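The values are calculated or read from the model by the stated rules, or taken from the named source; none is laboratory data. In this text, all values refer to a predicted model and were calculated from it rather than measured experimentally. Glycine also receives a Cβ, built like all others from the backbone with ideal geometry; neighbour counts cover every protein chain displayed.
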Amino acid sequence: MDSLLIKGGVPLEGEVHISGAKNAVLPLMAATLLTEEPCIIHHVPDLSDVRFMGQILTSLGADVRFDGGTVYIQAAKLKGMADYDLIRKMRASICILGPLLARLHQAKVSLPGGCIIGSRPVDLHLKGLAALGAKITVKAGYVHAKAPRLSGGEVFLGGRVGPTVLGTANVMMAATLADGVTVIESAACEPEVVDLANFLNAMGARITGAGSPTVQIAGVKALHGAEHEVIPDRIEAATFAIAAAATDGEITLVGARPDHLSAVLDKLRDANVKVQRNGRNLTVKRGGELRPVDITTLPYSGFPTDVQAQAMVLMTLTPGLSIITERVFESRFMHVSELARLGAEISIEGPSAIVKGGRPLSGAPIMASDLRASAALVIAGLAASGTTVVNRVYHIDRGYEKIDAKLKKLGARIERIKET
Ligand code: UD1
């Protein structure tokens, strides 16, 4: 297993190109199962989750070829059962269920594994597919879904904590080939859902309202091949923006989508971080002494849960008290105990982390627990004095394309080493 060895205390300076969004490309790849024609997706990040989705599609019978930042996929023939162990390993693989059901009228997919960031049920996915007429049973770790004909229906996808992103993707994909019109209420409004709807429409689907809580899908007989470019990764962009502020440097994010980052940029400005917009580029640097801010994570367009851990690192460096409340995944505070090893003072009170910031961080060996927590620990290591070793960085390779190379280009002293 790899680790990242970081010698902190260097302000990051320069330009970084934002990669294609992981959370967009995974459902886009699943959507190619809806047609037997070839599909081409550009601006595909080189990530282990993306390669993994490629393996899942291959195991279902699709031809998948990666070439630089482009993936060519053709699912001319398909089988309806995916490899149990492959699916179990990655939560996002659940979004093959909707396309398989729509195309083959049946699917057997293992329940995706639990996740360290909190309970991640799929009840809303199943409720949505059932509303389209699918018969669903869950037996021995598998979801079995059957529907000789899917027919449009009305489905409310709001759960205990709001809408579901991949659940919306699953139902939207299944509904493209259903008879009649489907209306999803309390749909997720994330930009990745809009990107998927744009791709599906390019394939011949008839979707309106994506990006709002009400999405309508008029079913069509068949979809055809299409070519698409993935949107930039707003979580990667936010991570580099926070790294600029945390290290007191200045980074220009090239090819970001500032309109997808409003909640994060708003909080950064409140924290006295200057954000200058120049078309699709953003330049980020401190405006003076950092100011504490309270943050609550929410579904889009609120502050993303996937940036909570990184924002917490910035608050540990900010003199004063800030409260960070997690409203999407209740146990997403695994990074707190690791940040404490670097000297951060954070206490957890229910869904909130109370951060007493301003004490300098100093390097130590720490352990990554999940994807976004790993990014936060890397930022903490970059801001800390001395040497930090972040172990188990395979988590970070799931979702950040060449993060060590990108950071190095910005001046970071960071090396990938073998874990001892
Ligand atoms: C997606 C993102 C993930 C992000 C999350 C929230 C991908 C590949 N992953 O995950 O990075 O952190 O959105 O923005 O796009 N829930 C239910 N029942 C369900 C489904 C979800 O109760 O059937 C709950 C979850 O436990 C969670 C909340 O709804 O508390 C939001 O989860 P959801 O939006 O479904 O997350 P994902 O789509 O899995």
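When you check A202 against the structure, is it closer than 23 Å to T35 by Cβ and crowded, with 22+ Cβ neighbours inside 10 Å, yes or no?
Details: closer than 23 Å to T35 by Cβ: yes; crowded, with 22+ Cβ neighbours inside 10 Å: no.
Taking the combined requirement at face value, the residue does not satisfy it.
Could you list, in sequence order, the residues of segment 63-109 that are part of a strand (DSSP E or B) and out of contact with any strand residue (DSSP E or B) (no Cβ under 9 Å at 6 or more places or on another chain)? Quick ask: steps written out before the conclusion?
In the first step, residues of segment 63-109 are kept if they are part of a strand (DSSP E or B); the result is 63-67, 70-74, 81, 106-109.
Scanning segment 63-109 gives a single hit, D67.
Looking at segment 380-413 only, could you name the residues that are touching a Pro at 6+ places or on another chain (Cβ under 6 Å) and either among the hydrophobic types (A, V, I, L, M, F, W, C) or not assigned by TED's automatic domain parsing to the domain that holds L339 (or both)? Explain how you work it out, then say what you get.
Within segment 380-413, the subset touching a Pro at 6+ places or on another chain (Cβ under 6 Å) is 389, 401.
Scanning segment 380-413 gives a single hit, V389.
Please verify whether Y72 is at pLDDT 80 or above, under 24 Å from the mean Cα position of the chain (by Cα) and hydroxyl-bearing (S, T, Y), treating the condition exactly as stated.
On the way: at pLDDT 80 or above: yes; under 24 Å from the mean Cα position of the chain (by Cα): yes; hydroxyl-bearing (S, T, Y): yes.
Spelling it out, Y72 is indeed at pLDDT 80 or above, under 24 Å from the mean Cα position of the chain (by Cα) and hydroxyl-bearing (S, T, Y).
List pairs: first in segment 13-42 and more than 20 Å from I56 (Cβ to Cβ), second among the hydroxyl-bearing types (S, T, Y) and away from the ligand (no atom under 16 Å from the Cβ), Cβ under 8 Å, 6+ apart or cross-chain?
G14/T252; E15/T252; V16/T252; H42/T70
For F199, all conditions in the list (1) touching a His at 6+ places or on another chain (Cβ under 6 Å); (2) over 23 Å from P232 (Cα atoms) hold save one; what is the number of the exception?
Here F199 clears every test but (2).
Regarding R51, is this residue farther than 30 Å from A241 by Cβ and either assigned by TED's automatic domain parsing to the domain that holds A383 or basic (K, R) (or both)?
On the way: farther than 30 Å from A241 by Cβ: no; either assigned by TED's automatic domain parsing to the domain that holds A383 or basic (K, R) (or both): yes.
No, not satisfied.
Would a scan of segment 62-73 turn up a residue that is closer than 24 Å to L157 by Cα and of a type in the set (D, E)? Outline the logic, then answer.
Applying the first criterion (closer than 24 Å to L157 by Cα) to segment 62-73 yields none.
No - not one qualifying residue is present in segment 62-73.
Can you name the condition, by its number, that T318 falls short on among (1) among the polar types (S, T, N, Q); (2) out of contact with any helix residue (DSSP H, G or I) (no Cβ under 8 Å at 6 or more places or on another chain); (3) surrounded by 15 or more Cβ atoms within 10 Å (Cβ to Cβ); (4) not in a loop (DSSP other than H, G, I, E, B)?
For T318, the exception is condition (4).
Filter segment 141-163 for residues that are within 16 Å of the ligand (Cβ to nearest atom) and touching a residue at least 40 places away in the same chain (Cβ under 8 Å) and give the result. Explain how you work it out, then say what you get.
We begin by selecting, within segment 141-163, every residue within 16 Å of the ligand (Cβ to nearest atom); these are 143, 145, 155-163.
Within segment 141-163, V143, A145, V161, G162, P163 qualify.
For K127, all conditions in the list (1) in contact with a Pro (Cβ under 7 Å, 6 or more places away or on another chain); (2) among the charged types (D, E, K, R); (3) near the ligand (Cβ under 8 Å from one of its atoms) hold save one; what is the number of the exception?
(1) is the only condition that K127 fails.
State which residue is surrounded by the most Cβ atoms within 10 Å (Cβ to Cβ) when the search covers only segment 80-111 and only residues that are touching a Gly at 6+ places or on another chain (Cβ under 9 Å) and more than 24 Å from G219 (Cα to Cα).
I87
As an exercise: evaluate L361 against (1) within 16 Å of the ligand (Cβ to nearest atom); (2) over 20 Å from T296 (Cα atoms); (3) at pLDDT 95 or above and give the number of the one condition it does not meet.
That leaves (1) as the condition not met.
So which helices (runs of 4 or more DSSP H) are wholly in segment 344-414 and hold at least 3 residues that are within 26 Å of D294 (Cα to Cα)? Full working, then the answer.
Working: elements: 371-383, 394-399, 403-409.
Hits in segment 344-414: 371-383.
Out of all the residues in segment 271-303, which are more than 25 Å from the chain's Cα centre (by Cα) and buried (at least 21 other Cβ atoms within 10 Å of the Cβ)?
The one that is more than 25 Å from the chain's Cα centre (by Cα) and buried (at least 21 other Cβ atoms within 10 Å of the Cβ): L290.
Does any residue in segment 167-196 that is on the phi > 0 side of the Ramachandran plot come within less than 7 Å, Cβ to Cβ, of a residue that is aromatic (F, W, Y) and within 15 Å of the ligand (Cβ to nearest atom) six or more places away or on a different chain, and which pairs are these?
Correct list of pairs: S186/F156.
Is it the case that some residue within segment 239-260 is charged (D, E, K, R), in the same structural domain as L410 (by TED's automatic domain parsing) and assigned to a loop (DSSP other than H, G, I, E, B)?
yes
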